[in-house]
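**Q** Quick one: this structure, given as structure tokens, is what I'll be asking you about.
The values are calculated or read from the model by the stated rules, or taken from the named source; none is laboratory data. Note that the structure is predicted; figures quoted are calculated from it, not measured. Cβ: placed from backbone, ideal geometry, glycine included. Neighbour counts: every protein chain shown.
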Amino acid sequence: MDLSNLKPAKGSIKKRKRIARGIGSGKGRTATRGHNGQKSRSGYSKRFGFEGGQMPIHRRLPKFGFRNINRVEYKAINIGTLELLAKEKSLTSIDFEVLRDYGFVQKKDLVKILANGELTTKLEVKAHAFSKSAVQAIEKVGGKVEKI
């Protein structure tokens, strides 16, 4: 085998449909658009949600609720999870980079530590937010809490 006899796998390359190239092509005359009508004209594009004149579903259904554009979303991590991580990896300090390295959070996430679980290891924890009970649990075992 050499470069002169290389070719793509059978069936991987498909010829493009050449429309509006004369009657002999089989795709001439109406250019696969059917016969007269709105959709056959050039420049036609139906707007998003158009249902042929019927009242579209986004207008038939009622609106409700409220979405606060200023809401701050936190990624919740429990102290039980921190305990497991600290014991497995023998850590004394846990911050955003550690959580990111071990796949708990992503680059743009904000972290909030919650008090679910048991904490027995003395840890220095750095995060964006803490619940009051999480702060108490961490400080109870002699750990430190620091907001980023």
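**Q** When the residues of the stretch 98-109 are filtered to those that are in contact with a helix residue (DSSP H, G or I) (Cβ under 9 Å, 6 or more places away or on another chain) and part of a loop (DSSP other than H, G, I, E, B), which remaining residue is nearest to GLU88 (Cα to Cα)? Steps first, please.
**A** First, pick out the residues of the stretch 98-109 that are in contact with a helix residue (DSSP H, G or I) (Cβ under 9 Å, 6 or more places away or on another chain): 98-99, 102, 104-107, 109.
From the residues that got through so far, the ones that are part of a loop (DSSP other than H, G, I, E, B) too are 102, 104-107, 109.
Details: TYR102: 11, PHE104: 14, VAL105: 18, GLN106: 21, LYS107: 23, ASP109: 23 Å.
Across the stretch 98-109, the extreme among qualifying residues is TYR102.
**Q** Just the residues that are in contact with a helix residue (DSSP H, G or I) (Cβ under 9 Å, 6 or more places away or on another chain) and closer than 16 Å to PHE130 by Cβ, please, taken from the stretch 82-92.
**A** Step one: filter the stretch 82-92 for residues in contact with a helix residue (DSSP H, G or I) (Cβ under 9 Å, 6 or more places away or on another chain), giving 82, 85, 89, 91-92.
LEU82 - this is the single residue of the stretch 82-92 that is in contact with a helix residue (DSSP H, G or I) (Cβ under 9 Å, 6 or more places away or on another chain) and closer than 16 Å to PHE130 by Cβ.
**Q** Could you check the stretch 131-148 and list, in sequence order, the residues that are out of contact with any strand residue (DSSP E or B) (no Cβ under 8 Å at 6 or more places or on another chain), surrounded by fewer than 16 Cβ atoms within 10 Å (Cβ to Cβ) and either under 15 Å from ILE94 (Cβ atoms) or among the hydrophobic types (A, V, I, L, M, F, W, C) (or both)?
**A** If the condition is that a residue be out of contact with any strand residue (DSSP E or B) (no Cβ under 8 Å at 6 or more places or on another chain), surrounded by fewer than 16 Cβ atoms within 10 Å (Cβ to Cβ) and either under 15 Å from ILE94 (Cβ atoms) or among the hydrophobic types (A, V, I, L, M, F, W, C) (or both), then VAL141, GLY142 are the ones that fit.
**Q** Still on this structure, I have one more. Determine, yes or no, whether PHE66 is within 29 Å of the chain's Cα centre (by Cα), part of a loop (DSSP other than H, G, I, E, B), modelled with pLDDT of 90 or more and within 30 Å of ILE113 (Cα to Cα). Working first, answer last.
**A** On the way: within 29 Å of the chain's Cα centre (by Cα): yes; part of a loop (DSSP other than H, G, I, E, B): yes; modelled with pLDDT of 90 or more: yes; within 30 Å of ILE113 (Cα to Cα): yes.
Yes, satisfied.
**Q** Let me ask something else. Among the numbered criteria (1) of a type in the set (A, V, I, L, M, F, W, C); (2) touching a residue at least 40 places away in the same chain (Cβ under 8 Å); (3) loosely packed, with under 10 Cβ neighbours inside 10 Å, which one does ILE77 miss?
**A** Condition not satisfied by ILE77: (3).
**Q** Would you be able to tell me the number of residues in the stretch 73-97 that are part of a loop (DSSP other than H, G, I, E, B), at negative phi and out of contact with any Lys or Arg (no Cβ under 9 Å at 6 or more places or on another chain)? Spell out the reasoning first.
**A** Applying the first criterion (part of a loop (DSSP other than H, G, I, E, B)) to the stretch 73-97 yields 73-74, 90-92, 95.
The next check asks that each one be at negative phi; those that pass are 73-74, 91-92, 95.
Then keep just the ones that are out of contact with any Lys or Arg (no Cβ under 9 Å at 6 or more places or on another chain); that gives 73, 91.
Of the residues in that region, 2 qualify.
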